[in-house]
Amino acid sequence: MKKLADIGLIGLAVMGENLVLNMESKGYTVAVFNRTVDKVDKFVNGRGAGKNFIGAHSIEELCASLEKPRKVMMLVKAGKPVDDFIELIIPHLEKGDIIIDGGNSHFPDTIRRTKYVESKGLLYIGTGVSGGEEGALKGPSMMPGGSPAAWPAVKEIFQAVAAKVEDGEPCCDWVGEDGAGHFVKMVHNGIEYGDMQIICEAYQLMKEMLGMSADEMHEVFKAWNNDVLDSYLIEITRDILGFKDEDGEPLVEKILDTAGQKGTGKWTGVSALDLGIPLTLIGESVFARCLSAQKDLRVEASKVINGPAAQFEGDKAQMIDDLKNALFGAKIISYAQGYNLMMEAAKEYGWNLNYGGIALMWRGGCIIRSVFLADIKTAFDKNPDLANLLLDPYFKEKVEAAQVGWRRVCATALSNGIPVPALTSALCYFDGFRSERLPANLLQAQRDYFGAHTYERLDKPRGQFFHTNWTGRGGDTASSTYEV
């Protein structure tokens, strides 16, 4: 074993432990430290026994065991723990050394931390790491951003441990300055929320409207995973629906229907609101989890509020095919909205994002990996300035073809009283996006009526604003603010 390690890692929880095993398997010596020090000894003498690991019992010892430029990666809880560890690490590093945050940090924190660490003469990377426990061990998707000068020093290690696509290309590349990596990871997680929600809506429709058993649904998802919906989330849904509890009954039906969340979906929605981007599907996915958490209130409401009883009398096979189209159409909308958000953020924060490259990074290792992402990469390879995925000929054709079945699904679900917030909000976005005229003219008249907020006219050049004294009682003074 080498006397000095190639990289050091702080945080031997599930992700950290599996990621260092991945690094070591690729030929790297890794120094490890954990705040609870006995975890270090347990790991080095357990899963890490006989391998190229250096166990450290202090931050000072960890940093002293690293080759220069030192590379210290943290996989700790987002928020204050990251800031605390940065302060503990800095005194033991020298100019040009690198601190790496591999957790799910909020991108504004990464922007702030990059600036702070660079002010100390050091370099900083905030990298999204996706793929869960298995991905960390076998090859995650990695989305690094921060100090550009740090990338050459970590590129070989990151790309060695990252997942690979069919041609061997690693699912890891430099994303951009300061918080760009964590922003892209945040959007990834938001899309993950959306994908999971539309799958759950399809499951509920199959179960409550079509009366399908878990085994029947298992077969449908199995077939879908060999078609256009081929993806990790469809694959694991197939497996979950086929999994039996000890009594032989489907385990999924015994799980309490209250969803948890760690905040990245919410951050994505808040960022969209801040930047003025209609991220409707992901927003509804977050709210769906919030509604699920109100279990006791929903149980109470179910006893006193009536709605239509689910009663499907149509062609079951056709509805299953329609559901596939609804999922595919909504999935296109989700990615179109997510990419739209990244484009606006790039303008706002001065990032030069490679949108095709991001699709490549998401093609393997991560939770939202799917064959679908290859088509996104192709779209941006053909047109790097593509303003919206729906304007790409391939995606335009596919979403238009999906809409007939998608509309039948939404209409049938609503008439049967089954909630499909993500599928319907995605369809409404599609219809709004393709509409030359929306009713915002009336909205602007309302705003001008009660607040003198002014409006533009169709028969006048853009940029000229007008105010009307709608009641005859108001004055001619208009509001000084007008926001589109």
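Averaging the Cα positions of each part gives two centres, and for region 247-286 and region 125-186 these lie 24 Å apart. Within straight-line reach of residue 115, meaning a Cα separation under 29 Å, sit the following lysines at least 8 residues removed in sequence or on another chain: 68, 71, 77, 80, 95, 155, 185, 262, 266, 347.
At full extension, residue 468 and residue 401 could sit 19.7 nm farther apart than now, given 0.36 nm per residue minus the alpha carbon distance.
In terms of surrounding Cβ atoms within a 10 Å radius of their Cβ, 362, 151, 224 rank from fewest to most as 151, 224, 362. Fully extending the segment from residue 256 to residue 13, taken as 0.36 nm per residue of separation minus the present Cα-Cα distance, adds 84.9 nm. Here the gap between residue 294 and residue 119, fully extended at 0.36 nm per residue and compared with their Cα-Cα distance, gives a gain of 58.4 nm.
Within the shell of other residues whose beta carbon sits under 13 angstrom from the beta carbon of residue 348, the net charge comes to -3, with Lys and Arg scored +1 and Asp and Glu -1. Between the listed residues 132, 330, 105, the Cα displaced farthest toward the positive end of the dipole of the chain, a dipole computed from Cβ unit charges relative to the Cα centre, is found at 105. Summed over qualifying helices (DSSP H, 4 residues or more, each -39500 (n - 2.57)) and divided by its residue number, the chain shows a 222 nm mean residue ellipticity of -16500 deg cm²/dmol. Dipole magnitude for region 185-434: computed about the Cα centre from +1 point charges on Lys and Arg Cβ and -1 point charges on Asp and Glu Cβ, it is near 600 debye. By the beta-carbon count within 10 Å of each Cβ, the least crowded to most crowded order of 158, 183, 372, 450, fewest first, is 450, 372, 158, 183.
Each residue of region 221-233 was assigned a 3J(HN,Hα) from its phi angle through the Karplus expression (A = 6.51, B = -1.76, C = 1.60, θ = phi - 60°), giving 5, 4, 5, 4, 6, 9, 10, 5, 8, 3, 6, 4, 5 Hz with x at Gly and Pro. The trypsin sites (Lys or Arg not before Pro) of region 414-454 meeting both criteria, a DSSP state outside H, G, I, E and B (loop) and at most 14 other C-beta atoms within 10 angstrom of the site's C-beta, are 434, 437.
FRET efficiency for the pair residue 411 and residue 385, taken as 1/(1 + (r/R0)^6) with r the Cβ-Cβ distance and R0 = 30 Å, rounds to 0.25. Helix 264-275 and the longest principal axis of the Cα set of the chain meet at an angle near 60°. Roughly how tilted is helix 80-89, in degrees to the nearest 10 and between 0 and 90, from the longest Cα axis of the chain? Long axis of 80-89 versus the principal axis of the chain: about 30 degrees.
Centre-to-centre, using Cα atoms only, region 437-464 and region 83-111 are separated by 48 Å.
Among 339, 193, 394, a tally of other beta-carbon atoms within 10 Å of each Cβ gives an order, fewest to most, of 394, 339, 193.
Have a look at the DSSP beta bridges in the chain and tell me what percent are antiparallel, nearest 5.
Around 30 percent of the beta bridges assigned by DSSP in the chain are antiparallel ones.
For the chain, the longest principal axis of the alpha carbon atoms and the long axis of helix 14-25 meet at an angle near 50°.
A short reminder: the numbers here are calculations on the coordinates, not readings from a lab. Remember, it's a predicted structure, so these values are computed and weren't measured experimentally. Every residue, glycine as well, gets a Cβ built from its backbone with ideal geometry; the counts of neighbours run over all protein chains shown.
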